[in-house]
Amino acid sequence: MNQTIRKFGWPQTLVKELAHWVVLARPAQPTLGSLVLAAKSDAQAFSDLPAGAHAELAEATKAIESALTRAVGYAKINYLMLMMVDNEVHFHVIPRYEGAREWNGRQFPDAGWPKVPDLSAAVALEGTELDQLTGWLREFF
């Protein structure tokens, strides 16, 4: 796995693996169910991904949207390809909703709703709690 995938906690945060992509639970949760969709390739430009990765992106997004609909009942979903610090191709997947969602006794408000997501307001998870979130999300895939 490439450096970006490892930075986002792989293999601990692995929710689903496909041939060209991995879906990871995002340790910092700006909204409940936030994920990272990362290409396994070392490509640092979206256009440099192999054709198979582009084709498989449809399968990955369908799985993500189906799972997050059931998990958090989002109203909108944002796929953010920021790649400012982490170089390999990846998206931050942020389910959007008005208000907050509760999980494991914690509140996860969508601080930016209905505008741009506020990534700085993320609920940081680690250790056992991150493992629990990953396991919970995995059940929906």
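Any read-out appearing in this document is the output of simple, stated calculations on the displayed coordinates, not a laboratory observation. The structure presented is a predicted model; accordingly, all values stated were derived computationally and were not measured. Positions of Cβ are backbone-derived with ideal geometry, glycine not excepted, and every protein chain shown enters the neighbour counts.
Filter segment 4-56 for residues that are over 24 Å from Ala75 (Cα atoms) and assigned to a strand (DSSP E or B); which is nearest to the chain's Cα centre (by Cα)?
Leu14
Somewhere in segment 29-45, is a residue surrounded by fewer than 18 Cβ atoms within 10 Å (Cβ to Cβ) and closer than 19 Å to Trp136 by Cα?
no
State whether the residues of segment 130-140 include one that is touching a residue at least 24 places away in the same chain (Cβ under 8 Å), within 22 Å of Lys7 (Cβ to Cβ) and over 15 Å from the mean Cα position of the chain (by Cα).
Yes, there is a match, as at least one residue in segment 130-140 is touching a residue at least 24 places away in the same chain (Cβ under 8 Å), within 22 Å of Lys7 (Cβ to Cβ) and over 15 Å from the mean Cα position of the chain (by Cα).
Each row is one residue, and each column tells you yes or no for (1) surrounded by fewer than 18 Cβ atoms within 10 Å (Cβ to Cβ); (2) touching a residue at least 24 places away in the same chain (Cβ under 8 Å).
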| position | (1), (2) |
| --- | --- |
| Asn87 | yes, yes |
| His90 | no, yes |
| Pro95 | no, yes |
| Asn104 | yes, yes |
| Gln107 | yes, no |
| Asp110 | no, yes |
| Trp113 | yes, no |
| Asp118 | yes, yes |
| Gly127 | yes, no |
